[in-house]
1. Based on this model, can you work out whether I268 counts as touching a residue at least 40 places away in the same chain (Cβ under 8 Å), under 20 Å from the mean Cα position of the chain (by Cα) and away from the ligand (no atom under 16 Å from the Cβ)?
2. Please specify each residue of the range 17-46 satisfying the condition of being surrounded by 16 or more Cβ atoms within 10 Å (Cβ to Cβ), near the ligand (Cβ under 9 Å from one of its atoms) and not hydrophobic (A, V, I, L, M, F, W, C).
3. Determine which single condition S124 fails, assuming it passes every other condition in (1) more than 16 Å from the ligand (Cβ to nearest atom); (2) under 20 Å from T174 (Cα atoms); (3) hydroxyl-bearing (S, T, Y).
4. Out of all the residues in the range 189-199, which are surrounded by fewer than 16 Cβ atoms within 10 Å (Cβ to Cβ) and either on the phi > 0 side of the Ramachandran plot or of a type outside the set (A, V, I, L, M, F, W, C) (or both)?
5. Within the range 1-14, how many residues are surrounded by fewer than 22 Cβ atoms within 10 Å (Cβ to Cβ), within 8 Å of the ligand (Cβ to nearest atom) and of a type outside the set (A, V, I, L, M)?
6. I need a count of the residues in the range 154-172 that are within 21 Å of the chain's Cα centre (by Cα) and part of a loop (DSSP other than H, G, I, E, B).
7. Taking the range 62-80, which residues are more than 13 Å from the chain's Cα centre (by Cα), within 16 Å of the ligand (Cβ to nearest atom) and not hydroxyl-bearing (S, T, Y)?
8. Name the pairs: first residue in the range 306-322 and assigned by TED's automatic domain parsing to the domain that holds A194 and among the aromatic types (F, W, Y), second residue modelled with pLDDT of 95 or more and buried (at least 21 other Cβ atoms within 10 Å of the Cβ), Cβ to Cβ under 8 Å, at least 6 apart or on different chains?
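The values are calculated or read from the model by the stated rules, or taken from the named source; none is laboratory data. Just so we're clear, the structure is a prediction, and the values are computed from it rather than from any experiment. Every residue, glycine as well, gets a Cβ built from its backbone with ideal geometry; the counts of neighbours run over all protein chains shown.
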Amino acid sequence: MSVRWGVAGTGGICQQFGEAVALTDGGSVVAVGSRSQEGADAYGDRFGVARRHASYQELAADPDIDVVYVGTPHSRHEADALMFLEAGKHVLCEKPMSLSEAQTRRMADVARSRGLFLMEAIWSRFLPSYRVLADLLAEGRIGAVRQVEASFGFAMPVMPEHRLFDRALGGGATLDLGIYPLQLCSMVLGPPDAVRAVGHVGSTEVDEQVAAVLHHPGGAVGVVQAAITSNLRCDARIVGDVGVIELPAFMHCPDHLLVTVAGATERIDTPWEGEGLRFEVEEVHRCLTAGLTESPTVPLDESIRLAATMDEILRQVGVSHG
Ligand SMILES: NC(=O)c1ccc[n+]([C@@H]2O[C@H](COP(=O)([O-])OP(=O)(O)OC[C@H]3O[C@@H](n4cnc5c(N)ncnc54)[C@H](OP(=O)(O)O)[C@@H]3O)[C@@H](O)[C@H]2O)c1
């Protein structure tokens, strides 16, 4: 089976996605949808895509597509994904899945009721480093995990027109960057049973800086920071009762891990070549070929849990995308 992709959007991440699919041998981009014919044509020219639709609706109506990659701003994810699902297409949706738990639940409900594949594009989970991390945790290399510390943030000047500062597009640190430390906490510790968050809401009414502490059943704690106006360390530490695993910057796509047990540090190199999004693309190919409607690595319940945690952080910080 060769998977036929449609791409919705032509911005930064859709360009990377086009490069990623070209590195796989299980599928290809056969159609693109853009808000403009020029946008669709430029993308089609760059990636050799024949069918170039001047609207997302036309892309949804294209009968010769198996799965659509939604690479539009967060604020559109729910409506765009629902349109493609209702047109019978499987969907890989960029992170964050949506603006809220309620939206993510609606998306999951529609995918499940129609028997279609839907996954949030948390590409980190499919990278070689995260695969090794999962194995290390499963074999108990650092013992029982007590804490996860993780941050992701960079200093941008406040630009009201940029999507990260545009409230209408779902801007802010938590949804765009905080999701990476949060998904690491969730992967390692599961869902929290208590969340305490503080943050700064800037002049464009988005959360520019956030720090959150998550408590988990059993007592483990996650400490998470995200920012769009501060250069954070962008690394992560997973602290167990017999050792520590460090993810160097950038913690969402490290090329090695440091594992320290009994005072000895082992460096585990986990490099890859080319565009790292290709690993999540390969996961979609694998799932579709196997007839799976959810990835076991990023199932829909995980996206719902992450959305619920982000809802709570944003509520405490004073931002509502509802
Ligand atoms: N996985 C990752 O590493 C990663 C990295 C960056 C971003 N992302 C995610 O990908 C999504 C898009 O981010 P991006 O950085 O690619 O954004 P971007 O460069 O601004 O591109 C977004 C694209 O969406 C389309 N679009 C539809 N409605 C729009 C609107 N009202 N305003 C602006 N664009 C609109 C546009 O394509 P047309 O003009 O062709 O319609 C535009 O090029 C976000 O949800 C983000 O979280 C993921």
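1. no
2. Residues satisfying the conditions are G33, S34, G39, Y43.
3. (1)
4. G190, D193, R196
5. Of the residues in that region, 2 qualify.
6. 10
7. Those that are more than 13 Å from the chain's Cα centre (by Cα), within 16 Å of the ligand (Cβ to nearest atom) and not hydroxyl-bearing (S, T, Y): D62, V68, R76, E78, A79, D80.
8. That search, which allows pairs on different chains as well, returns nothing.
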